[in-house]
1. I need the shape label for region 356-490. Rule: rounded when a/c is under 1.5, else prolate if a/b > b/c, else oblate, with a, b, c from the alpha carbon gyration tensor.
2. Please report, in whole Å³, the volume per residue of the convex hull around the C-alpha atoms of region 226-389.
3. How large is the direction-averaged shadow of the alpha-carbon convex hull of region 222-264, in nm²?
4. Gain in length, L244 to I174, computed as 0.36 nm per residue apart minus the alpha-carbon separation, to one decimal in nm?
5. Within 10 Å of each residue's Cβ, count the other Cβ atoms and sort K269, K252 from fewest upward.
Amino acid sequence: MAVGGVRARAIGVAVAGSVATMSVAPASQSTTGGAAGSLRTAPVVDLTAKVAAADPVPTSGLLGGRALSAPAAQRRSQALWSAEESGVNSGLLVYDDTASGTFSLTGAVAGPSGDPVAGASVTVGSSRPGAPAAGRAVTDADGAFAFVDVPVAGATERFDLEVRAAGFGRYRVIDDVFRSNRTYQTSVAMTATEQLHDGSALSRGGTERAASGRGGYGSTTAVPGSIRVRIHRQVNGCAAGSYLRTERYPWKFYVLHVAAAEISSLWYKRAFRANASAIQNYAWAHRVAGSPLNNTTQYQCFKPWLKVPTEWAGWLRNVLDERVVASGIQVTQYRAGTYACRESLYRRNGNIMSQNGSRARANINSKRCGRRESWRGIVRYYYSGRLRDGRPPRTPTRSWARRPGAVDLDFNAPGAWRYLLQRYPSACKGGKQSCWGTVYERGWSWRREAIPRSRTAAADRCFAYRVAAVGPSGRSHYGYYNGGHPICPK
C-alpha cells in the first residue's frame, strides 16, 4: 500500500515469553499516524520449532515475562514512519504502545544505500549481570523487526543491541538506557566494517561556532528538506575527533537524532518541542549562511544510530512548520543550563536557551516559571526573534526533453520535501481536474542521499504535465511544463 509515496510494510514481532509459548505475530491491520485502509499482513510464523528444547537462547524471544498471543499483537497500535523518519527507503510501521512495566522497540536494518537487509539476526539483551538471556529476532524481507513488551527491571534498565548479517560487519549498541512504559524506533545502517556505539556516552547540552559568510540554502521561509553533515569520530561523548566523511540526511531524521543525543526521552511534550525548535532553527540558520555543520558539540551532537521515542515524530510535526526570525533565521544557541526557571547566564531574550531551564519552565506550575509555559512561550522567553509560520516551497523551476517513448522532466524548488508530478491526456473528455493523474510522488531517497529532482515518464501519446513541491507547511502552486500544452514523445 502506498501512503504519501511511502510503502507501508507489515512486520513480524518478537514477543516476551518462554521458548514453549513464544511466537512471531503479524503487524496490526489498523494504524495511527496517517495510514489509511487495510494492510496486507504476513502470516503468523511460529519460530520456536527452530530452537532445540534445551537451547537457553530462544531465536524469536525476549528476556522472559508474559507471552503475547498473535491476536493481542494484532491489536497493538502502530504509526507509519516515512523514509525521512525511519532511515529506510520504504518507510516503516512502528509499534507505539507497550504493556505496563515494559518497552517495545521497532526497527529496520538497511545497507549503505538504504535498501533493506533481510535475514539479519537482531538480539536485544539486558546489560545487567545475571539478567535473562538475550532474545533474538530475524529481519523480514523489508529488513524490519520488532521487540514487544520487553520487561524492564525498575524505571530504567540498560540493554545491548547486536545485529549480524552476511556480507556486513557486526553492529552493536551497548549500555543503551530503555525506560519502562516507552516505545522506540531505531535505524540500523550496516557497513562492511564492524560498528560499536556506546549508549552511555551521550551529550547533554550544545555549543557552537559562529556561522561563516559563504552562500548556502536560499530560503528563510520554507524548511530545508535535507542537510549535509561533516561526520567526525566522536570522542568523550560527543567531542570532535578526526574527520571521516561528509554525508547528507533528510531534515526530519537529523532533527530527531540531534534531539535524541542532546535531551532526555523523559522530557514532556512542551520541553521537547521548545528544544526541537531551537535545534531546527540553529541548523537552518547555518544552512542559509553556508556554514557546514559537523556531528559534534562544536555545532550539534548528532547520532543517527540512536533510538528515538516513537511519540517524538508526532510531536515534531507541530514544530517543523515554524521558524524564529530576527533579520533572517535566528541562530538559536543553547546550552545545558540547570533545572531552574530563571538563570543569570540564560536570561529572557538573551538568545541562548537553557535546555534544563526550558524543562523547568515546561514542568513547574508557578508564576515565576510561566505556569507550565507552552513550547512557543519558552522559545519567546529565551530568544528575541519572533516565531513565524513557515511557508510552502515556491513553484518548482522546470525543464523537459523528449525521447523515444518517454519524456524527461526536471524540477527543483528550495524547501521541497517531495515532488508531486501529474499529467493530463490531451484526449481526455472529462473535467479538467478529474483528468489529472499522479505519475510520480517521491521524497527522500537513502539510496541517492537526496530528494530526486527528475523523472523520466514513459508515454505512448501526448500529455500535458505539471509539478508541485510539498513541504511541512503545505504544497506549492503547480508549475506547468510547456506552458500547459501537451508534450509528445519522439
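The numbers here are math on the coordinates, done by the rules we state, and not lab data. Fair warning: this is a prediction, and the values are worked out from it, not measured in the lab. Positions of Cβ are backbone-derived with ideal geometry, glycine not excepted, and every protein chain shown enters the neighbour counts.
1. On the way: a/c = 3.96, a/b = 2.98, b/c = 1.33.
Judged from the Cα gyration tensor, region 356-490 comes out prolate (a/c at least 1.5, a/b above b/c).
2. Working: hull volume 17.9 nm³, N = 164.
That works out to 109 Å³ per residue.
3. On the way: hull surface 14.1 nm².
Approximately 3.5 nm², given one-decimal rounding.
4. Working: separation 70, 0.36 × 70 = 25.20 nm, distance 2.22 nm.
Difference between extended and current length: 23.0 nm.
5. Working: K269 15, K252 24.
Starting with the residue having the fewest Cβ neighbours, the order is K269, K252.
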